[in-house]
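Working notes for the structure below.
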Amino acid sequence: MRIETGKGTTIPLITLIAIWSVSAIISLPGLAISPILGDLKTIFPETSELEIQMLTSLPSLLIIPFVLLSGKLSVNENKLKILMIGLIVFLASGILYFFSSSMLYMICISCLLGAGAGMVIPLSTGLVASYFTGKYRVKQLGISSSIANLALVVVTFLTGYLAEWNWHYPFLVYLSPVFAICLSYYLKHDDPLPDKNTSRIKNVQPEKEIINTPNNGKIDYRRLSGVMLFYFVATYLVLIIPLNLSFILEEYKMNSSIAGTLIALFFLAVMLPGFFINKILHTFKCNTILYSLFSITAGLLLVLLTRFEWSIALGCFLSGLGYGVIQPVSYEKATQTSPSTEVTLALAFVMSVNYLAILLCPVIIDLFMSILHLHMQIVPFFINLVLVLLLIAITFFWRNSFVLGMGKEYYV
């Protein structure tokens with residue numbers, strides 16, 4: 001079976017699976033640590049709060065520069081070589097976790113994991129941009145995003161289960177790069193090769209490229225900065241759910257133990273739109289981003305104003321759906337701001353702000369609460385609701401712009 005790329009060429013299904021295998025591991029860093037955080041002081045009695053904070057934050061901090069480094073290297077270096085180095089470092093760190101004997105050792109390994117993951121992350125979408133174009137690229141960017149979020153949901157449950165047996169077992173998920181390494185053989189070409197027989201039989205025609213021509217063949221940093229800013233704000237708006245949902249449930253006098261299930265439902269909702277992104281764009285046209293923000297707004301309202309488990313679950317789901325559309329659309333817009341030789345670098349810039357938002361979200365929440373001198377857990381949700389309403393107003397007036405709108409080429 002061969003897959004059309006939109007360039008008048010096809011690639012084998014196994015090559016597409018190889019690309020998907022890379023997407024499946026980019027959400028893994030940090031997941032194995034989460035289920036054992038509460039037991040770390042028992043595992044390592046001398047552990048301090050500062051060391052625990054370093055263990056959880058340093059890897060994410062290191063991911064950002066290595067994402068940018070990988071994107072920069074991809075301009076002149078072979079993408080497959082960069083991918084292989086990142087996957088090997090990722091895999092090596094997963095193996096080293098099984099020999100952990102101290103908290104300092106764990107922190108060092110986690111930093112190594114962050115470096116390896118950072119090198120792999122931009123290539124998960126960069127490879128899609130290399131092989132596909134037009135509506136085929138949009139579709140595959142959506143699927144790539146969905147696979148990453150599906151892996152997040154599955155592995156979250158898996159690591160929690162494995163942690164019940166032995167605190168080392170959750171680190172088994174960090175061995176998954178071995179599959180991507182084995183499949184990387186099928187990524188030996190940076191671009192798809194023509195398949196003359198398939199093209200003749202199926203009359204495959206090149207897809208019209210969706211391009212906003214960059215200035216002088218270079219990255220249009222003005223437009224790229226707009227995409228990055230919007231993606232950062234959108235990510236910050238929805239991160240309130242996985243970060244603060246358990247706290248607000250306690251404030252509501254509800255059972256906070258269901259928070260894990262609701263957060264998994266949120267990430268499940270983030271995953272779904274990617275599989276249907278072309279249909280979504282065709283349905284909502286230039287208002288796609290606007291309606292996505294409405295979905296996030298409805299979700300936050302349900303969490304804020306209702307006190308039923310089912311309605312809060314629906315709120316988490318609606319917020320996830322809205323963000324699930326914004327994520328692949330932001331990746332696609334990044335590809336439009338750059339020439340083909342620098343598309344992975346443009347994607348690296350956009351994907352790095354996702355991790356920047358993860359790092360800064362708790363800081364921004366604490367800052368808002370300190371300024372307002374309010375410490376109720378409902379406050380961050382209310383602030384984010386106000387911010388998303390403001391963003392809706394801006395999007396409505398600028399819905400025909402490059403950053404906040406969708407050109408006709410996506411749905412004609």
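Let me know the charge dipole size of the stretch 1-66 about its Cα centre in debye, to the nearest 20, where only the beta-carbon of Lys, Arg (+1) and Asp, Glu (-1) is charged. The partial results should precede the final answer.
On the way: 3 positive and 5 negative charges, 96 e Å.
Dipole about the Cα centre, nearest 20: 460 debye.
Taking the chain as a Gaussian network, where each spring joins two C-alpha atoms under 10 Å apart, which residue of 395, 283, 159 fluctuates the most?
Top of the fluctuation ranking is 283.
Can you show me the helix-derived [θ] at 222 nm for the chain, built from DSSP H runs with n ≥ 4 at -39,500 (n - 2.57) apiece and divided by the number of residues, rounded to the nearest 500.
On the way: 15 runs with 282 residues, N = 412.
Calculated from helices alone, the mean residue ellipticity at 222 nm is -23500 deg cm²/dmol.
Among 83, 290, 172, which one shows the highest mean-square fluctuation when the chain is modelled as a Gaussian network with alpha-carbon springs under 10 Å?
172
With the cut-off at 1.5 for a/c, could you classify the stretch 91-166 from its C-alpha gyration tensor as rounded, prolate or oblate? Don't jump to the answer; show the numbers that get you there.
Working: a/c = 4.48, a/b = 1.86, b/c = 2.41.
Here the stretch 91-166 falls in the oblate category.
Here are some pairs, 7/218; 79/135; 7/188; which of them have Cα atoms lying more than 20 Å apart in this structure?
Details: 7/218 22 Å; 79/135 23 Å; 7/188 18 Å.
Over 20 Å apart, Cα to Cα: 7/218; 79/135.
If the convex hull of the alpha-carbon atoms of the chain is projected onto planes in all directions, what is the mean projected area in square nanometres?
Details: hull surface 81.9 nm².
Over all viewing directions, the chain projects a mean Cα-hull area of 20.5 nm².
According to the square roots a ≥ b ≥ c of the eigenvalues of the Cα gyration tensor, what is the shape class of the stretch 349-405, taking rounded for a/c under 1.5, prolate for a/b larger than b/c otherwise, and oblate for the remainder? Mind dumping the intermediate values first?
Details: a/c = 3.66, a/b = 1.47, b/c = 2.49.
Oblate, because a/c is 1.5 or more while a/b does not exceed b/c.
When the accessible area of the stretch 352-412 is split by element with a 1.4 Å probe, what percent falls to carbon and sulfur?
Looking at the stretch 352-412 in its full context, I get 75 percent from C and S.
Pop the C-beta distance of residue 104 and residue 367 into the FRET formula with R0 = 35 Å and round what comes out to the nearest 0.05. Intermediate values should be presented prior to the final figure.
Details: r = 30 Å, r/R0 = 0.87.
Computed FRET efficiency for residue 104 and residue 367: 0.70.
Over the residues of the stretch 13-141, compute the C-alpha Rg and express it relative to 2.2 N^0.38 Å. Could you put the intermediate results ahead of the total?
Numbers: Rg = 16.7 Å, N = 129, 2.2 N^0.38 = 13.9 Å.
Working it through for the stretch 13-141, the quotient is 1.19.
The values are calculated or read from the model by the stated rules, or taken from the named source; none is laboratory data. Remember, predicted model here, so these are calculated numbers, not experimental data. All Cβ positions, even for glycine, are placed from backbone atoms using ideal geometry, and neighbour counts span all protein chains on display. Remember, those area values only see protein heavy atoms, side chains included, never the ligands or the DNA or RNA. Shrake-Rupley method; radii C 1.70, N 1.55, O 1.52, S 1.80 Å.
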